[in-house]
Amino acid sequence: MGLDKGDYFCIITCVTIILTFRGDPGMKRIPMSVIPAAALLATLLACRSDAPPQAKGYDDLLRLFTEWRAFARPEVVEHVPDYTAAAMMRQQEGIPVFQNRLTRIDTAGWSIRERVDWEIVQAEIAGLRFEHEVLRSWAKNPLFYAVIQMDEPDVPARELPEIYGVLNVFEHTFPLDDQSAGLFLEKLQAVPAILDQARLNLTEMTALFGMFGEVQKQQESRQLLDLAERLQETRPDVAAAARSAAEAADSFGRWLGEERVGKPEFSGIGVEHFDRYMREVHLVPYSWREQEDLLERELERSLSSLAMEEHRNRHLPQLTPASSLEEMQALMKRSVSEFMNFLKQEEIFTLPDYMHLEVPINSFIPEDELDFFYHIYYRDPLPLLCHQVHWLEKQRESRNTHPIRGGALLSKIWDSRAEGLATNFEELMMHAGILDDHPRGRELNWILLAFRAARGLAGLRLHAGEYTLDEAIAFASRYTPRNFATPESRMLMGDLALYLSQPGYGTSYVYGKAQLDKLIAEKRIRDGDGFVLKKFFDDYFSRGVIPASLIYWEMTGDYSEIREMKN
């Protein structure tokens, strides 16, 4: 029997696996057990072009997914994840094995829901491949090396790419019990080693990412010192480790400031890679150009609608921001109650007893220090509280036990669904009547949409190389009404750093909104006068936080979007 190209590829793959698990003599030896010969033979047979499908059942997809998630995690030694060049090369060489195994699973006879799960796994594999081939966060982006997170994200996972095993302070209660204190101590003691490795790994850093990383480490240093002060009395050993971690963060920040001098500023991935990432990983049916057109249209629509709202309200007093902490707390409490009562009374979707919304206000910000979202909150929180459907969804998803959909999907491929829903929910609830007694609040709603469209366009053009960072900030600031996002806005700067780090995230608010509009429109046409919003949303939420195009396929049976992206 002769060998074809596929056979040679599989032989190379098997040799790679042997070297990975036995340790390449030219590399640092890895303490792992030898793969049994039977496993290698199975890999070779699975790769052969004339071999039968490896698996036929849905259970085989679930087993592959479990193995895939274990493979996608880096090796971790004493809380230091290994992102060295050698480790990343070994991981990249192992990706085709999983792709081959997935491809050879026979999905004939599967339900749409099961086929969607197959597409989710395919997208995750494509995401890690794209990470190695294009994004290369461990080599390009210092923001990847976050070492502490104080606040829980309102979406399934942290928006920015980050190393495995970051210390999430929000997951613990104070005073720390012995178990939490032990974990804090170990993770804080690992910070200097993590950042020492980062110095060696960041061989492709740009000036822009270096600047973003420098700002991040300054913030982390302050957070670590605050943590040390908080722990000094009850856990002095952990406090000492936090101070040492702060010193390491300061040192790394200074190093970034020196290293970024003279490096190129452009940090985008270009239009061609952007389109590939949308199509193969995020399963988004809109190209860079189509997203630009969509966001431009939404920006124009939001500004035009704002002008009409302002005209209608021209005889009403302007909204002024809360003037004290007590006033702001009372305003937020009243708005949260109004939001939750509206959802129940208007039967928007089923609210189980466990669902609740809390937006704590623990400090007061003077008017001249307000940044964009606080301009909204301090005037009327209700429009932006609609976006906080995020938190209700997190409570629901924490009870989702599905083996594939029950957790945050890799590569942030949930963004079109999570951010698209939250953004659209602001406008949907306005049309449903939540702001009928808040006429000036309707103006804020359109300002929110304008901001998201403007900053999304700025991020798009950064990736294409059409804008410098200063030009992107100037554009987003100009098209955000009422000077709510100035060129000095730290929030805007942070958003653009995110959008460069995670392509498509900045536009997902708007194209995800459009995808939900399309789904509602199709269901309304199909159901006619029998369309019931609560029934729609309960069905929608039952699908999990997965790419919007996959939910459309599940709820309509229409596969055309997915088919077109594969062609």
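Tabulated values for the structure
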item	result
Acute angle (nearest 10 degrees) that the helix 112-130 long axis makes with the longest principal axis of the chain, alpha-carbon atoms	80
Rg/Rh for the chain, where both radii come from Cα atoms and Rh is the Kirkwood radius	0.97
Computed FRET value (nearest 0.05) for Gln179 with Val261, which takes r as the C-beta separation and R₀ as 51 Å	0.70
Debye, to nearest 20: dipole size of segment 261-391, +1 on Lys, Arg Cβ, -1 on Asp, Glu Cβ	160
Segment Phe170-Val76, extension gain: residue separation times 0.36 nm, minus the distance between their alpha carbons	31.6 nm
FRET efficiency, Glu67 to Asp196 (Cβ-Cβ, R0 25 Å, nearest 0.05)	0.20
Per-pair calculated FRET efficiency, R0 = 56 Å: Ala85 and Ile525 via Cβ, rounded to 0.05	0.60
Loop-resident sites, segment 272-362, for GluC sites (Glu not before Pro), counting at most 14 other Cβ within 10 Å (DSSP)	Glu346, Glu347, Glu358
C-alpha center-to-center spacing [segment 333-372, segment 104-131] in angstrom	37
In degrees, nearest ten, helix 178-201 long axis to first principal axis of the chain (Cα)	70
Degrees separating the helix 325-345 axis from the principal Cα axis of the chain, which is the longest one	80
Potential extension, Asp59-Arg563 segment - 0.36 nm per residue separation minus Cα distance	179.0 nm
Distance between modelled label sites at Glu346 and Glu272, nm, 7 Å Cα→Cβ extension	4.8
Gained length - Glu229 relative to Asn400, 0.36 nm times residue gap less alpha-carbon distance	57.8 nm
Relative contact order, percent, segment 142-259 [alpha-carbon distance under 8 Å, six or more residues apart]	30
Computed [θ] at 222 nm, helices only, for the chain once each DSSP H run of length n ≥ 4 contributes -39500 (n - 2.57)	-20000 deg cm²/dmol
Relative contact order of the chain, pairs being alpha-carbon contacts under 8 Å that are 6 or more residues apart, as %	15
³J(HN,Hα) computed for each position of segment 266-275 - Karplus, 6.51 cos²θ - 1.76 cosθ + 1.60, integer Hz, glycine/proline x	4, 10, x, 10, x, 5, 4, 5, 4, 4
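Read-outs throughout are calculated quantities, based only on the coordinates presented, and are distinct from any laboratory measurement. Every value quoted in this text rests on a predicted model; they were computed, and no experiment measured them. Ideal geometry is used to build each Cβ from the backbone, glycine not excepted, and the neighbour counts take in all protein chains shown.
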